[in-house]
Structures are given as structure tokens and as C-alpha cells.
Amino acid sequence: MKTAELEDLKRDTSQLDAFVNGHESIHLMAGGYAVALLTPLPKPRPVEKVQWPDFAAQQRAIFGDRVLPAGTIQQLMDEERGEH
């Protein structure tokens, strides 16, 4: 891993640009001690487009054009609960 003195980078920032473009990590040194670790960001992954299923088409395939009469759902729920 490369090292760079903070004082040197203040005077010549082109060194930092060379490190970053080379995709290298750098220990930043101050007074002979490592004070920071500078690492390049990972390259972003391409976004994959999600293909959602056509739920409406599946519903039509299963049930066709049938429509329940009004109150049918409530009647079924009442029967399930034992309420008549």
C-alpha cells in the first residue's frame, strides 16, 4: 500500500489524482504516523431492470370476466365465522 505525507499532498495534489485514478489505497501520513486511510470508491454496479409479472393478466386467466354480486364477500366471511 502506498503512503503519502499530508504536507506533500498540500503542495502537489497531482499525486493524489494519480493514486485515485490508479485505484490504489493510500495511507496518509502526518509526522511519520498514519492518520488516515484513503481508498477509492467501488465501481457502481449496473442497475438491473426488474420485470414484474402481469398480475392483471394472471387474474383474468384464473377468473375470467366473472364478477361477484354485491354482498357476496361479506356473506362468505359471515359463514366462515359461523355467523348466519
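Nothing in this text is a laboratory measurement; each read-out follows from the coordinates by a stated rule. Quick caveat, the model's predicted, so the values are computed rather than measured. Every residue, glycine as well, gets a Cβ built from its backbone with ideal geometry; the counts of neighbours run over all protein chains shown.
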(request) Using the structure shown, decide if A18 is small (G, A, S) and either in contact with a Gly (Cβ under 7 Å, 6 or more places away or on another chain) or loosely packed, with under 10 Cβ neighbours inside 10 Å (or both). (result) no
(message) For the structure I just gave you, tell me whether L41 is closer than 30 Å to T3 by Cα, surrounded by 10 or more Cβ atoms within 10 Å (Cβ to Cβ), within 38 Å of the chain's Cα centre (by Cα) and not small (G, A, S).
(response) no
(message) Step by step: first the residues of region 44-68, then only those that are hydrophobic (A, V, I, L, M, F, W, C) and surrounded by 10 or more Cβ atoms within 10 Å (Cβ to Cβ), then the one that is nearest to A4 (Cα to Cα). Which residue is that?
(response) F63
